[in-house]
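Colleague: The structure is given below, and queries will be raised subsequently.
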Amino acid sequence: MTDDAARPETADRASNQMWGGRFAAGPDAVMEAINASIGFDKRLARQDIEGSRAHARMLADQGIITPEDFRAIDEGLLTILSEIESGRFVFSTALEDIHMNVEARLRELIGAPAGRLHTARSRNDQVATDFKLWVREQIDAAIGGLEALMRALLDQAEAGADMVMPGFTHLQTAQPVTWGHHMMAYVEMFARDRGRFRDARARMNECPLGAAALAGTSFPIDRHATARALGFDRPAANSLDAVSDRDFALEFLAAAAICATHLSRFAEELVIWSSAQFRFVTLSDRFSTGSSIMPQKKNPDAAELVRAKVGRINGALVGLLTVMKGLPLAYSKDMQEDKEQVFDAADSLMLALAAMTGMLGDMKPNPEALRAAAASGFSTATDLADWLVRELGLPFREAHHVTGALVRLAEEEGVDLPELSLADMHRIHTGIHEGVYDVLSVEKSVASRTSYGGAAPERVREQIARWRAELDGRGAGA
């Protein structure tokens, strides 16, 4: 394709031909700059050509264009796709967007039949179709990325199903859990993210093509045929809604924002856990960096950058919500601002998913540090209170009070609960006997949490097996 920057008069002439006879002069340079979207919507090239091929075939099948014109159009579009994929296609800002760039090149290749491609459609339904196709592919990619991440979490969980670690509330030691149990919490979170993407995909899978500018068309088109050809479940039922709807992009961004929030929460834990103060995990050199001045440093930069991506993705969601909030039906040029932020959010999400999956694959937990932390901070105090209820028949509130007094005593003595002597405990309650020591170790605490969804290793392994079966297509998951 000839570079239109070298032949501006050609670009103006092509642009005017696209607009028809309404405008005699070419656009002002500033207007051209603000109006053009080719700088970013060229990412839709493959989807645009896919939609055009389906549309042209339907036009031929319906007798609206001749078989000869269809063959010329189809071959021309495949040539253009090859040029774009090989980097030989030169995009023109004067031609505004991907649709007009493709159509102009098609005219150069095949002449008059190119002008028949746009029969019974508008750029309004064309761009809505292209964008839906692109977002649908991104949803599929996100689902694949989430499933890879879930498998990496399952590997960590299986390796550490018995590995005791502290469970936190308020970032204070609360009760002992296991490494496997903690990893499985994220499996559940990312599974819900996968569910949100699946829901969004099912809801968006209606084809806008054939809605034309806003009112449909008088040509005898077959919208069900183009919907099927493009993998949609059905054509969109209302032509006004079809061209003005961007719910599919908003739902994608909303699901991406929630997913990025989960990734950010996990990334924050990795930052904390890999610090010298915690030493819970070691991140590999592949996902860490050093300091330019402090030779001892190993910075969890990949985790920090994953944590930061949520800002970009949240910003994209708020940005598109703001663009759409005051638009009357049907199409307004404001909607050209729908793509850049979605493109950026999709790129950010996929990079964050890949980075987190990579970090998990290489990450090494430190069992000694995890157990030591689990045993600190009176983490078995709840087990002690439960024992007082079961063994001594105390009401839970009284047991809670007695346990609190024992914790205070241990603090004063500078010991942990298992290190208090029976005589010390009798200073608080004379009914306590030797059996209390059976519940004060962190291993026995974890093993006792056998309720469904609990931290007991047997329960954790059951959940791991359930999710492996679900991901392998052998069971039902969340």
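Colleague: Please state the shape class of the range 67-113: rounded when a/c is under 1.5, otherwise prolate if a/b exceeds b/c and oblate if not, all from the C-alpha gyration tensor. Numbers along the way, then the final one.
Modeller: Details: a/c = 2.64, a/b = 1.47, b/c = 1.80.
Here the range 67-113 falls in the oblate category.
Colleague: What number, rounded to the nearest 500 deg cm²/dmol, is the helix-based mean residue ellipticity at 222 nm of the chain, given -39500 (n - 2.57) per DSSP H run of at least four residues and division by all its residues? Walk me through the numbers before you get to the answer.
Modeller: On the way: 19 runs with 288 residues, N = 478.
After summing the helix terms and dividing by residue count, I get -20000 deg cm²/dmol.
Colleague: Where the only charges are on Cβ atoms (+1 Lys, Arg; -1 Asp, Glu), what is the dipole of the range 29-116 about its Cα centre, to the nearest 20 debye?
Modeller: On the way: 10 positive and 15 negative charges, 20 e Å.
The dipole of the range 29-116 has a size of about 100 debye.
Colleague: Quick one: what are the phi-derived ³J(HN,Hα) couplings along the range 229-234, Karplus 6.51/-1.76/1.60 with θ = phi - 60°, whole Hz, x for glycine and proline?
Modeller: 4, 9, x, 8, 6, 6
Colleague: Using Cα-Cα distances under 8 Å and only pairs 6 or more residues apart, what relative contact order does the range 123-373 have, in percent? Intermediate values should be presented prior to the final figure.
Modeller: Numbers: 365 pairs, mean separation 60.9, N = 251.
24 percent.
Colleague: With each label point set 7 Å from Cα along the Cα-Cβ vector, what nm distance links L305 and R71?
Modeller: In this crude spin-label approximation the distance works out to 5.2 nm.
Colleague: Give me the number: length gained by fully extending D438 to R474, i.e. 0.36 nm times residue separation minus the C-alpha to C-alpha distance, one decimal in nm. Numbers along the way, then the final one.
Modeller: Details: separation 36, 0.36 × 36 = 12.96 nm, distance 3.98 nm.
Result: 9.0 nm gained on full extension.
Colleague: Size of the range 329-466 along its principal axes in angstrom, Cα-based, largest extent first?
Modeller: 79, 40, 34
Colleague: Report, ordered by chain and residue number, the lysines lying within cross-link reach of K325, taken as a straight Cα distance under 21 Å and ignoring same-chain residues fewer than 8 apart.
Modeller: Excluding near neighbours in sequence, the set is K132, K333, K339.
Colleague: Can you tell me which of 174-183, 219-228 comes out highest on packing, and rank the rest after it, using the mean Cβ neighbours within 10 Å? Each step should come with its number before you reach the end.
Modeller: Values: 174-183: 24.4, 219-228: 18.1.
The packing order, highest mean first, is 174-183, 219-228.
Colleague: Turning to a different aspect of this structure: Could you put E458, E103, E50 in order of accessible surface area, largest first, with the 1.4 Å probe and the full protein assembly present?
Modeller: Numbers: E458 95, E103 30, E50 65 Å².
The residues order as E458, E50, E103, largest area first.
Colleague: Relative contact order, percent, of the chain when contacts are C-alpha pairs under 8 Å separated by at least 6 residues? Kindly include the intermediate steps, with their values, before the conclusion.
Modeller: Details: 683 pairs, mean separation 76.4, N = 478.
Rounded, it is 16 percent for the chain.
Colleague: How many percent of Cα pairs in the chain exceed 43 Å? Present the calculation step by step, with values, prior to reporting the outcome.
Modeller: Details: 42678 of 114003 pairs.
More than 43 Å apart: 37 percent of the Cα pairs in the chain.
Colleague: Rounded to the nearest 0.05, what FRET efficiency is calculated for S284 and M350 with R0 set to 35 Å and r the Cβ-Cβ distance?
Modeller: Details: r = 21 Å, r/R0 = 0.59.
So, using R0 = 35 Å, E works out to roughly 0.95.
Colleague: Also: Could you give the angle, 0 to 90 degrees to the nearest 10, between helix 98-110's Cα long axis and the longest principal axis of the Cα atoms of the chain?
Modeller: The angle comes out at about 40 degrees.
Colleague: Hey, another quick one. Could you tell me the center-to-center distance, by alpha carbons, between the range 67-134 and the range 401-478 in angstrom?
Modeller: Rounded to whole Å, the Cα centres lie 66 Å apart.
Colleague: Still on this model: By how many nm would the segment from E391 to D28 grow when fully extended, if each residue of separation counts as 0.36 nm and the alpha-carbon distance is taken off? Display every interim value, and only then the final one.
Modeller: Working: separation 363, 0.36 × 363 = 130.68 nm, distance 8.64 nm.
Additional length available on full extension: 122.0 nm.
Colleague: Quick one: dipole size for the chain, taken about the Cα centre, charges +1 on Lys/Arg Cβ and -1 on Asp/Glu Cβ, in debye to the nearest 20. If you can, show how the numbers build up before the last one.
Modeller: Numbers: 52 positive and 68 negative charges, 120 e Å.
The calculation lands at about 580 debye.
Colleague: Could you state the angle between the C-alpha long axis of helix 45-61 and the longest principal axis of the C-alpha atoms of the chain, as a value from 0 to 90 degrees rounded to the nearest 10?
Modeller: The angle comes out at about 50 degrees.
Colleague: So, one more: Can you tell me the Rg and Dmax of the range 183-320, counting just the alpha carbons, in angstroms?
Modeller: Rg then Dmax for the range 183-320, in Å: 22.4, 73.
Colleague: Okay, next question. Note the full-extension length gain between E368 and K42 as 0.36 nm times their separation in residues minus their Cα-Cα distance, in nm to one decimal. Mind dumping the intermediate values first?
Modeller: On the way: separation 326, 0.36 × 326 = 117.36 nm, distance 5.33 nm.
Stretched out fully, the E368 to K42 stretch lengthens by 112.0 nm.
Colleague: May I ask you to derive the FRET efficiency for D61 and T261 from their Cβ-Cβ distance with R0 = 45 Å, giving the value to the nearest 0.05? Working shown, then result.
Modeller: Numbers: r = 47 Å, r/R0 = 1.04.
Between D61 and T261 the formula returns 0.45.
Colleague: Using a 1.4 Å probe and ignoring any ligands, DNA or RNA, find the accessible area of Y437 and quote it in Å² to the nearest 10.
Modeller: 70 Å²
Colleague: I would also like to ask the following. Could you pull out every one of the aspartates and glutamates with an alpha carbon less than 15 Å from that of K309, ignoring same-chain neighbours closer than 8 positions?
Modeller: Output for K309: E268, D301, D344, D347.
Colleague: Would you mind checking the tilt of helix 339-362 against the longest principal axis of the Cα atoms of the chain, expressed as 0 to 90 degrees and rounded to 10?
Modeller: 40 degrees
Colleague: Using the Cα centre of the chain as origin and beta-carbon charges of +1 (Lys, Arg) and -1 (Asp, Glu), tell me which of H429, S218, V102 is placed farthest towards the positive end of the dipole.
Modeller: Result: S218, furthest along the dipole toward the positive end.
The values are calculated or read from the model by the stated rules, or taken from the named source; none is laboratory data. Everything numeric here is computed off the predicted structure, so don't read it as measured data. Note that each Cβ is placed from the backbone with ideal geometry, even for glycine, and that neighbours are counted across all protein chains shown. Just so you know, the surface numbers come from the protein's heavy atoms only, side chains and all, with ligands and any DNA or RNA stripped out. Shrake-Rupley method; radii C 1.70, N 1.55, O 1.52, S 1.80 Å.
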